[in-house]
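What follows is a set of notes on a single structure, which appears directly below.
The values are calculated or read from the model by the stated rules, or taken from the named source; none is laboratory data. The model shown is predicted, which means the values in this text are computed figures rather than measured ones. Virtual Cβ from ideal backbone geometry, glycine too; neighbours counted across all protein chains shown.
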Amino acid sequence: MTAQRSTSRLALIIWGYIIWSLVPVVIAIIFSFNDGRSRTVWQGFSLRWWWQDPNLSVLQNAEMRNAIFNSLVLAVATLLIVTPLGIALAIGSQRMHGRSANFVQGLTSAPLITPEIVVGSALLITFTRLLTAVPLGFVAQLLGNVTFSLASVVVIVRARLVSIGASFEEAARDLGATRWQALRFVLFPMLWPSVMASLVVVFATVIDDFVITSFLSAGVSSETVPLRIYSSVRGGATPALNALATLLVIISFTALILGLFALSTWRKRNGERGGLRAALADVTQMEN
Amino acid sequence: MGRRDFLRNLAITSGAITFGGSLLAACGGSTETESGGLSIGTPQNPIKLPVTTDAIADGLPNESGTLEILNWADYQNPDSIAIFEEKFGCKVVTSIYDTEEAAIAKLRNGTFKPDLILGMTDTGLAKLVAADLLQPLNKSYIPNFGNVISGLQNPYYDLESQYTVPYFIYGNGIGYRTDRIDKNAFAGNGYDTLWDPQFSGKLALLDSYRDTLAMAMFRAGNFDANTTDAAVITKAGDDLVALREATNPKVDILAYQELPAGNRDINFTWSGDLFTALQYLPEGVKPDVLGFWYPDKTIAKNDFMCVTKAAKAPVLAHQLINFLSDTDNALLNREYVGYQPALESITVDLLISSGTIPESLVDALVTPEKYDAGIAQVSLEPQADALWLEQWTRFTAG
Amino acid sequence: MLFGSNSGRVSPQDKLKKSPRLWAGFAFPGTIWLIALFALPFYAVACIAFGTIDPIFRDAVPQWNPLSWDFTQARQVLTSLATGPLRGVGLRTIVYVFCAMTLCFVVGFPIAYFLARHAGKRKMMLLVLIIVPFWVNYLMRMLAWVNLLSVDGLFTRFMRIFGINYNWLDGSPITVTLGLVYGYIPFLILPLFATLDRLDWRLIDAARDLGANSRQAFRLVTLPMSRAGLVAAGVLIALPMFGDYYTNDLLSRSPSTEMIGNQIDFFLNASSQPQNGALLVLTLSLFLLLLMSFYLRSTRQQSRQVTR
């Protein structure tokens, strides 16, 4: 076979894949604008499932609004805790040495190779039997999501620490800065891209999270959007469910775009190479 | 260092540093196990359940704020709830449960903390009482209690109705699509249709181990829905495994959505689901596509409403029980839920004359005669329960 | 990202290494957090798994003292996994994950390869398009397929044109496996692309110049060079797939496609016997640990071979 033919065959596969991966989602989004009750048979365009219907539309239904609110609160609260915790852990674990360093690094990467269902059920058992002071619901979901996303913050920040190296801080120390000043004025500002990237990654992870949030939920008061979708997908739910899912996609992408924008602005201002490609690599946790 | 030592050290150090208090509390609490068995009432041996606390006092004001309900999905009319909210100036939120066992487990471990539980039946009542999760009712808040079907005002499972007020009544049978299955298919042993490979992939059973295993027992001619006979239970498990291999069934409680949507042809389910299903019919589909086979010998029962011991709004919970026991409110509630309210005034004739019930579903209505002929289904002693669950796991593990 | 080498380790003479207390202090809060909410929970699971059973509720009673752990129930569950009713579940899980993984590689590798090697100017645009599903909620993507595959769904109606009348959502192993592929493939393509993108393609060109045909160059140069990345990417999606239960629940909900995750979910969330759930969680964790150690050993051997 000639190189030409195999290349065009590969191109065919890639376009096929893109269509296969995106078209179902696009169709689901389109059906949120369906005029009828059906999520499968098109009956004309309308906005009734977005806001026109006073009880059932996504923006007017109390339970759906509640789910959106819960999702956002959970994601933001997780960010507030996991970001400082993760940055500190990344710096500490990268610079410790000896056996304790091995222990900390092992402990930090263990959640990355543990399926969510294992973390979720272990935490469920812990909160109902051992640490019974933690009530199921928002608090438990928050602790669970912080635990599960801590590792990704550490990975992202540690990668940045590695690429920065030690020379900048050493130079600052040589010029008379204290250790703390070197950290505060040299290292921390340079960590910004990784902090931005972890904010975006964690936000998206938490807002999409199903397993942990579901295992640790306590009824309707802590129902998030993915839980709502899960419990009603197979039933006779209206296209408002599609609208709800679409809203979740919009929220994720808004966060992503804001994050990418902030990243590339920072990079440009600080004269770092990269642009969109590097920013994308950051937020997809790809090595670059 | 061995793994055990490691774990112990880990627990000791981390527990001491962080959550020492609650760890110790949990350790202390875990050793206590209640002794004695369950208080199980049967039609032959009705029971007056033990009471450990007093009911709330008479004439308390309604709480302001939120009333939390624990209920099955789609088992209360949102319009009825809205009226109640307006009338009592409160907010009602609802959490959902899928099976009684899960609900009880989650009530015990604190996942659910509702004020009011709807739709529980006496298969779960003994455990609820043993776990001391309920509070006795103060009937002075429930003048409508007199509307309840007279035979259910002093039920065998809860003499003097100390804890419970009946909610809906139903019987177990088979819902089907009349456009795909002929009525005569159920002529012989009607249950056999569930084992018929021609319905493979279009068939579902109830996700309720007590109901579905009992169904398999009835098919085999054993009509004790509370049997402790290991051989009978195992046989039912074997038969369900055979059913699974023959027809690849789904196991859920979605008959009321999936039958009208046309996603399945036949579904072992609760009779009331078929009336719920009416409003899920796609536009342009006639209601008589839904049919129900009501076996001669089957389980017929009621579920009930009860107030939790830890209720934060016990007065509102009583008020909602009273509200739903009012005839007009119950009829409005039925419009959405579909099931038959357990009220004396809401007779089968009244429902038929309302014109909402197609000819094909008249058989799904529970008449007083059918109710009386129904097989009772009560709580099981733990050892027998374990046998039932073991067979159920065998079936659902595929 | 996951199994990257620790190339970031700086030399021991590095000045920054000189204040171990400070760095330990930085790591302290996060470490305590993970001990309390990641390590300790495994102990709690073990205490439930090897505890006793409440005589009335059949609920698990935890045994906090490992010296008095009771292994009766553990033996029963293991027997059930080996020969009893759970055997089918375990085997099915492995088969589904294996098939889904294979399909993911069959589809994902050419895509990553094309993207890294031949995409040219369109590389950026294609990369963005491929990253999009990565950012669409998993349940949203499943919801999309549930809509398409239901009885009057677009896909079902489309297939009917070709005379294929299939109940996609009624306990079909095909649907579940394809659902897993659809769900997890974005998480495979990206790391694969990252691996292939870093390859030194000059080596492959050199192989071609030395007379290897494209197939030989692929087999003898590309594959060995990207092997570690391939395996890492495979592990990355295999782990969550082994614990998946929601894909199955949404696309099938039939006992005949029940996976191990469904059983864990059932025992812990929908039954009165959490002890069985805890035992299955431990079994799954041990199984995955075995897979991981196998993987780590094979990569270590491989790197030894390379350096030889």
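Sub-9 Å Cβ pairs linking a first residue in the range B:296-309 that is at positive phi to a second residue that is modelled with pLDDT under 95 and of a type in the set (Phe, Trp, Tyr), at least 6 apart or interchain, number zero. For the range B:336-373, the set of residues classified as part of a loop (DSSP other than H, G, I, E, B) and without any contact (Cβ under 8 Å) to a residue 40 or more places away in the chain consists of B:Ile346, B:Thr347, B:Ser354, B:Gly355, B:Thr367, listed by residue number. Screening A:Arg37 against (1) in a helix (DSSP H, G or I); (2) out of contact with any Lys or Arg (no Cβ under 7 Å at 6 or more places or on another chain); (3) within 11 Å of another protein chain (Cβ to nearest Cβ) leaves a single unmet condition, (1).
Can you give me the number of residues within the range B:270-279 that are in a loop (DSSP other than H, G, I, E, B) and either at pLDDT below 95 or out of contact with any Phe, Trp or Tyr (no Cβ under 9 Å at 6 or more places or on another chain) (or both)? Summing the residues that are in a loop (DSSP other than H, G, I, E, B) and either at pLDDT below 95 or out of contact with any Phe, Trp or Tyr (no Cβ under 9 Å at 6 or more places or on another chain) (or both) in the range B:270-279 gives 1. If the condition is being within 14 Å of chain A (Cβ to nearest Cβ) and part of a helix (DSSP H, G or I), then the range B:239-269 contributes B:Ala255, B:Tyr256, B:Gln257, B:Glu258, B:Leu259, B:Pro260, B:Ala261. What are the residues in the range B:95-118 that are buried (at least 21 other Cβ atoms within 10 Å of the Cβ) and over 22 Å from B:Ala386 (Cα atoms), if any? Selection gives B:Ser95, B:Thr111, B:Phe112, B:Pro114, B:Asp115, B:Leu116, B:Ile117, B:Leu118. Under the condition of being more than 7 Å from every other protein chain (Cβ to nearest Cβ) and charged (D, E, K, R), which residue from the range C:154-176 is farthest from B:Leu259 (Cα to Cα)? Checked the range C:154-176; the qualifying residue farthest from B:Leu259 (Cα to Cα) is C:Arg160. Candidates are the residues of the range A:120-140 that are part of a helix (DSSP H, G or I) and more than 7 Å from every other protein chain (Cβ to nearest Cβ); the one that is surrounded by the fewest Cβ atoms within 10 Å (Cβ to Cβ) is A:Val139. When the residues of the range A:43-96 are filtered to those that are exposed (fewer than 14 other Cβ atoms within 10 Å of the Cβ) and not in a helix (DSSP H, G or I), the one that is modelled with the highest pLDDT is A:Phe45. Just to verify a result, which residue in the range B:197-231, among those that are out of contact with any helix residue (DSSP H, G or I) (no Cβ under 6 Å at 6 or more places or on another chain) and in a helix (DSSP H, G or I), is modelled with the lowest pLDDT? Checking each candidate, the answer is B:Gln198.
Looking only at the range C:186-204, which residues are surrounded by fewer than 23 Cβ atoms within 10 Å (Cβ to Cβ) and touching a Leu at 6+ places or on another chain (Cβ under 9 Å)? Residues satisfying the conditions are C:Phe187, C:Thr195, C:Leu196, C:Asp197.
Residues in the range A:155-187 that are in a loop (DSSP other than H, G, I, E, B) and away from every other protein chain (no Cβ under 11 Å): A:Leu175, A:Gly176, A:Ala177, A:Thr178. Under the condition of being among the hydroxyl-bearing types (Ser, Thr, Tyr) and more than 7 Å from chain C (Cβ to nearest Cβ), which residue from the range A:71-99 is farthest from B:Ala105 (Cα to Cα)? In this case the residue turns out to be A:Thr83. Considering C:Phe193, C:Phe134, C:Phe187, the condition of being more than 7 Å from every other protein chain (Cβ to nearest Cβ), under 22 Å from A:Phe203 (Cβ atoms) and within 18 Å of the chain's Cα centre (by Cα) is satisfied by C:Phe187 alone.
Kindly indicate whether C:Ala44 is within 7 Å of chain A (Cβ to nearest Cβ) and either among the small types (Gly, Ala, Ser) or touching a Lys or Arg at 6+ places or on another chain (Cβ under 7 Å) (or both). Full working, then the answer.
Values: within 7 Å of chain A (Cβ to nearest Cβ): yes; either among the small types (Gly, Ala, Ser) or touching a Lys or Arg at 6+ places or on another chain (Cβ under 7 Å) (or both): yes.
Yes, satisfied.
Inside the range B:191-232, residues that are among the hydroxyl-bearing types (Ser, Thr, Tyr) and over 24 Å from the mean Cα position of the chain (by Cα) make up a count of 2. Residues in the range B:116-128 include at least one that is within 14 Å of chain A (Cβ to nearest Cβ), of a type in the set (A, V, I, L, M, F, W, C) and over 29 Å from B:Asn267 (Cα atoms).
Here is a list of conditions, (1) closer than 29 Å to C:Ser150 by Cα; (2) in contact with a strand residue (DSSP E or B) (Cβ under 9 Å, 6 or more places away or on another chain), and A:Ala218 meets all of them except one; can you say which number that is? So A:Ala218 meets the others, but not (1). Counting just the residues of the range C:250-262 that are facing chain A (nearest Cβ under 8 Å) and at negative phi, which one comes out surrounded by the fewest Cβ atoms within 10 Å (Cβ to Cβ)? Top of the filtered list is C:Leu250.
Could you tell me whether any residue of the range C:53-60 is within 15 Å of C:Leu268 (Cα to Cα) and more than 10 Å from every other protein chain (Cβ to nearest Cβ)? No.
Out of the range B:374-398, which residues are within 14 Å of chain C (Cβ to nearest Cβ), buried (at least 17 other Cβ atoms within 10 Å of the Cβ) and not in a helix (DSSP H, G or I)? Within the range B:374-398, B:Ser379, B:Leu380, B:Ala397, B:Gly398 meet the criteria.
In the condition set (1) more than 10 Å from chain A (Cβ to nearest Cβ); (2) in contact (Cβ under 8 Å) with a residue 12 or more places away in the chain; (3) not in a helix (DSSP H, G or I), C:Val151 is compliant with all but (1).
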